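The values are calculated or read from the model by the stated rules, or taken from the named source; none is laboratory data. Fair warning: this is a prediction, and the values are worked out from it, not measured in the lab. Ideal geometry is used to build each Cβ from the backbone, glycine not excepted, and the neighbour counts take in all protein chains shown. The protein model used for the area step is the full one, side chains on, heavy atoms only, and it has no ligands, DNA or RNA in it. Shrake-Rupley method; radii C 1.70, N 1.55, O 1.52, S 1.80 Å.
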Amino acid sequence: MTKAFSAPGKALLAGGYLVLDSSYDAYVTALSSRMHAIIDQDETTTGDYSTLHVLSPQFKEGDWKYRIEKQEAIEVNGKRNPFLEAAVKTVLSYTLPSTEFNLKVTIFSDPGYHSQNNTTKRVSSNGQKEFLYHDLPINDVPKTGLGSSAGLVSVVTAALMSYLAPESETSIDRLHNLAQIGHCLAQKKIGSGFDVAAAIYGSIKYRRFQPSVVNDVLAVLENDPTQFPQALKAVVDKEWDFKHEKCSLPTDLHLLMGDIEGGSETPKMVSKVLQWRKENHDESGRIYNQLNEANNKFMDTLERFKDIGIDDAIKTLSEALHEIRLRLKSMTDKAQVPIEPLVQTQLLDRVEKLDGCLGGVVPGAGGFDAIAVLALASKVDDIKRATASSPEDYNNVHWVELHEEADGLKVENLEDYVGLV
C-alpha cells in the first residue's frame, strides 16, 4: 500500500485581497517547491486500536504519534499540530473506517518553503530528490510564504485517502473539497482557498467558492458533532461552484521569487483590510475596481501573449504590474496595513530597473514574506548576477531556487525517497 504524493507551493501574482471576494478572478502560479507525503503500514505499532505515526525528519522533534479514537487523532505525547490533526479528522470523518489500522506518513518539504540557514543537505539514494535538514523544530524555522500549510493538508489528505478510500484517489475534486475543509478547520476560519486549490490543481485562474459551502459543514461540527460525518460527506461529494481554469506562464517568461527573511501574519493583515473595506465602502470600492482592472489586464495579456507579440505583450504586462503595485500601495496607506512595506517598495523599485525585468509584486496578502518578479527567461541569470554583485542595494535578497511548475497534486516514485530517513 506504500504510495507517495506531492503538491506544489504557490504565488498569487494577481488578485491580492480581491481573491477573498467571489466577484473577482485571481491568477495563481504553482511552483516547483513541493510538499511530499509517503504513506506506509507502521510495522512498529500493535494494539487493539488504530494509530497514525507522522514523521517530518527534516526538523528537530518532527515526530507525532496519534491514537485514533472515533474520528479524532489524539497525540500521545501531548504535541499539537493543528494542520495534521484537521487533515486526519476530515479524512476519518469522511471515510469512517470500520477496521483498525496502523499507518505511518513521512513528510518532506522542498527547500523553497523555509529559510535555508543552518541546514544540511541530504540526497536520496538514487539522486532524484534532495532536501534540507534543519537544526530547529519546524515552528522555529522562518517560512517564505509559499503555502506550506495548504500543501501539507493536501498531501496528507491524498495519502490517507489512498489507503482508507482507494477508490476516491482518482477523484481530484473530492480531494480538493476535503483538503479545503481540513485547512479551514485548522485555521479556524474560511480563507479564500486559492492556496489549497493551487496545491491540488496547479497553476490556475481562480475564483473562490461561496464561504457558506464550508461554513455550514463546520457549523454542524460545532453544534452537533455526531452529524458531522454525514454533513461532511454531502458537501464533499457535491460539485462546488468556483473557477479553477488551468493556466501557465508563457515560455519566454520566468518567475523569480526573492526572500528577504521577514515573514508576515497574514490573518491579522487580512482582517484589518476587511475592516477598512467595511468602514470605507466607497473609497475601498473604487480601489478594488481599479485593482481588478489592472489584474484583468495582466491576466488577459498572459492569455493572449503569443497573439499580441512579445514586445507589445511585455510592455502591457509591465504597465499592468505597475498599476497593481500602485493600487496595493494605496491599500497599504488607507488600511494602515504593510501590504507593500517600504523595504519591499525599495527592493521592487530597484529590481524593476534591471534589464529584462518586467516588474514585480509582493504576492498574496503582501508583507515581508517574499517578492515575485516576472522576467524574460533569457535575462534571469543576468538579474541574479546584478543583485549578487551589490547585495546592499537589493536588501540582501535571496532568490529562491524555484520556477513555475504548472502541475498540481501528483503521484511520485517511491524510489526517489529511499535513504532520506
Report task. For region 231-242, name all the residues that are basic (Lys, Arg) and assigned to a helix (DSSP H, G or I). Result -> Lys233
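May I ask you to list the residues in region 183-194 that are under 14 Å from the mean Cα position of the chain (by Cα) and either open to solvent by 10 Å² or more (accessible area, probe 1.4 Å) or not hydrophobic (A, V, I, L, M, F, W, C) (or both)?
First, the residues of region 183-194 that are under 14 Å from the mean Cα position of the chain (by Cα): 183-184, 187, 191-194.
Once the filter is applied, which keeps residues that are under 14 Å from the mean Cα position of the chain (by Cα) and either open to solvent by 10 Å² or more (accessible area, probe 1.4 Å) or not hydrophobic (A, V, I, L, M, F, W, C) (or both), region 183-194 yields His183, Gln187, Gly191, Ser192, Gly193, Phe194.
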Query raised in the report: Just to be sure, is Lys246 modelled with pLDDT of 95 or more, basic (Lys, Arg) and either surrounded by fewer than 13 Cβ atoms within 10 Å (Cβ to Cβ) or within 23 Å of the chain's Cα centre (by Cα) (or both)?
Result: yes
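Tell me which residues, restricted to region 107-125, are outside any strand (DSSP E or B), more than 22 Å from Phe83 (Cα to Cα) and either of a type in the set (D, E, K, R) or open to solvent by 70 Å² or more (accessible area, probe 1.4 Å) (or both).
If the condition is that a residue be outside any strand (DSSP E or B), more than 22 Å from Phe83 (Cα to Cα) and either of a type in the set (D, E, K, R) or open to solvent by 70 Å² or more (accessible area, probe 1.4 Å) (or both), then Asn117, Asn118, Ser125 are the ones that fit.
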Report summary line: Checking Arg327, Arg350 in turn, the sole residue that is farther than 22 Å from Tyr288 by Cα, out of contact with any strand residue (DSSP E or B) (no Cβ under 8 Å at 6 or more places or on another chain) and either in contact (Cβ under 8 Å) with a residue 40 or more places away in the chain or among the hydrophobic types (A, V, I, L, M, F, W, C) (or both) turns out to be Arg350
Query - Test: residue in region 148-161 that is touching a helix residue (DSSP H, G or I) at 6+ places or on another chain (Cβ under 8 Å), under 19 Å from Ala4 (Cβ atoms) and without any contact (Cβ under 8 Å) to a residue 24 or more places away in the chain - result: no
Query raised in the report: Quick one: which of Leu420, Leu414, Leu402 is among the hydrophobic types (A, V, I, L, M, F, W, C), more than 27 Å from Leu291 (Cα to Cα) and loosely packed, with under 14 Cβ neighbours inside 10 Å?
Result: Leu414
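Among the residues of region 195-230, what is the count of those that are open to solvent by 10 Å² or more (accessible area, probe 1.4 Å), part of a helix (DSSP H, G or I) and either closer than 25 Å to Gln71 by Cβ or out of contact with any helix residue (DSSP H, G or I) (no Cβ under 8 Å at 6 or more places or on another chain) (or both)? Talk me through it step by step, then tell me what you get.
If we filter region 195-230 for residues that are open to solvent by 10 Å² or more (accessible area, probe 1.4 Å), which is where we start, we get 195, 201, 205, 207-208, 210-213, 215-216, 218-227, 229-230.
The next check asks that each one be part of a helix (DSSP H, G or I); those that pass are 195, 201, 212-213, 215-216, 218-223, 225-227, 229-230.
Filter once more, so that each one left must be either closer than 25 Å to Gln71 by Cβ or out of contact with any helix residue (DSSP H, G or I) (no Cβ under 8 Å at 6 or more places or on another chain) (or both): 195, 212-213, 215-216, 218-223, 225-227, 229-230.
The qualifying residues number 16.
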Requested in this report: Residue by residue through region 377-406, note down the ones that are touching a strand residue (DSSP E or B) at 6+ places or on another chain (Cβ under 7 Å) and more than 14 Å from Ile260 (Cα to Cα).
Outcome: Ala377, Val380, Ile383, Lys384, Leu402, His403, Glu404, Glu405, Ala406
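Please list, ordered by residue number, the helices (runs of 4 or more DSSP H) wholly in region 286-373 having 1 or more residues that are open to solvent by 10 Å² or more (accessible area, probe 1.4 Å) and among the polar types (S, T, N, Q).
Values: elements: 305-308, 310-335, 342-352.
So the answer is 310-335, 342-352.
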Query raised in the report: For residues in region 141-182 being touching a strand residue (DSSP E or B) at 6+ places or on another chain (Cβ under 9 Å) and assigned to a loop (DSSP other than H, G, I, E, B), which is most open to solvent (accessible area, probe 1.4 Å)?
Result: Pro142
Query raised in the report: For Ser154, all conditions in the list (1) closer than 21 Å to His114 by Cβ; (2) at pLDDT below 95 hold save one; what is the number of the exception?
Result: (2)
Report task. Could you check, for region 69-76, whether at least one of its residues is at pLDDT 95 or above and hydrophobic (A, V, I, L, M, F, W, C)? Result -> no
Query raised in the report: Given the conditions (1) closer than 30 Å to Val362 by Cα; (2) in a loop (DSSP other than H, G, I, E, B); (3) open to solvent by 30 Å² or more (accessible area, probe 1.4 Å); (4) not small (Gly, Ala, Ser), and given that His254 satisfies all but one, which numbered condition is not satisfied?
Result: (2)
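Of all residues in region 9-21, which are buried (at least 24 other Cβ atoms within 10 Å of the Cβ) and in contact with a Ser or Thr (Cβ under 7 Å, 6 or more places away or on another chain)? Lay out the reasoning, then the answer.
Filtering region 9-21 down to residues buried (at least 24 other Cβ atoms within 10 Å of the Cβ) leaves 9-17, 19.
Listed by number, the residues that qualify are Gly9, Lys10, Ala11, Leu13, Val19.
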Report task. Answer yes or no: is there a residue in region 384-397 that is in a strand (DSSP E or B) and of a type in the set (A, V, I, L, M). Result -> no
Report task. Read through the list (1) charged (D, E, K, R); (2) under 27 Å from Thr99 (Cβ atoms); (3) at pLDDT below 95, then give the number of the only condition that Asp21 fails. Result -> (2)
